[in-house]
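The values are calculated or read from the model by the stated rules, or taken from the named source; none is laboratory data. Predicted, not measured: the structure shown is a model, and the values here were computed from it. Counting neighbours? That spans all protein chains shown, and the Cβs are built from the backbone with ideal geometry, glycine included.
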Amino acid sequence: MFIATSLAEAQMLMRVHSIKVLARKASAAVQGLQVGTLARILMSFKPLYAEQILSRRKDCEIRTFFGPIESGDEVLVYESSPVKAFTGVFRVEGAVVARASEAIEFVRSSCSMFDEENWRFVEEHYVGSRRRLVVIVIDLESVRRLRKPVTLEEIRSIVPAFRPPMSYSRISDELYEAVLELGEGLEPPML
């Protein structure tokens, strides 16, 4: 994984990463392999931001970097209090890791749906931070809602010790599939 040091480098890394993903998919298709997702991720959101993503009013997400997220990964959306439920999924179209200052420039140039509330959050947590943060900027695609929200209590009836992450973490295929089943599948994609 590379860390971009400028806006131009971040944009170039996004293009190179997308090309690598396409090449890997093409190679797998030629070999007759099933091309699936790379990883399943659980990401926690305040209800306001989850709704912006699920209603397609936000097309990228910026987080403090805690571990790799790659193109093709599927992200399960968890809405924090007061909702406390799983409400949707999206696929990662691309992700760039950079220092906070360079990532902000990448968001400004590449994310078309980032409102004042999101910018206020970014300014408070990333731009104004005294820490030298490394962040990940995630482009979203294939955003879909669960047909029925799955509450935290429902998941804890299956996995009693389950605790949603403060930001994001990898999860098992079994947990991902259990949430989809309890949520009665996914709604059709928005056009």
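Can you confirm whether region 153-169 contains a residue that is surrounded by fewer than 13 Cβ atoms within 10 Å (Cβ to Cβ), more than 18 Å from the chain's Cα centre (by Cα) and acidic (Asp, Glu)?
Checking region 153-169: at least one residue is surrounded by fewer than 13 Cβ atoms within 10 Å (Cβ to Cβ), more than 18 Å from the chain's Cα centre (by Cα) and acidic (Asp, Glu).
Could you check how many residues of region 81-93 are surrounded by fewer than 22 Cβ atoms within 10 Å (Cβ to Cβ) and out of contact with any Pro (no Cβ under 7 Å at 6 or more places or on another chain)?
Selection size over region 81-93: 5.
Condition test on Val77, is it modelled with pLDDT under 90, surrounded by 21 or more Cβ atoms within 10 Å (Cβ to Cβ) and not aromatic (Phe, Trp, Tyr)?
When the stated conditions are applied, Val77 does not pass them.
For Asp115, state whether it is touching a helix residue (DSSP H, G or I) at 6+ places or on another chain (Cβ under 9 Å), modelled with pLDDT under 95, exposed (fewer than 12 other Cβ atoms within 10 Å of the Cβ) and of a type in the set (Asp, Glu).
For Asp115, the condition - touching a helix residue (DSSP H, G or I) at 6+ places or on another chain (Cβ under 9 Å), modelled with pLDDT under 95, exposed (fewer than 12 other Cβ atoms within 10 Å of the Cβ) and of a type in the set (Asp, Glu) - is met.
Of the residues in region 75-102, how many are β-branched (Val, Ile, Thr) and within 9 Å of the chain's Cα centre (by Cα)?
Residues that pass the stated criteria total 4.
When the residues of region 23-74 are narrowed to those that are more than 13 Å from the chain's Cα centre (by Cα) and of a type in the set (Lys, Arg), which ends up modelled with the highest pLDDT?
Taking the candidates together, the pick is Lys46.
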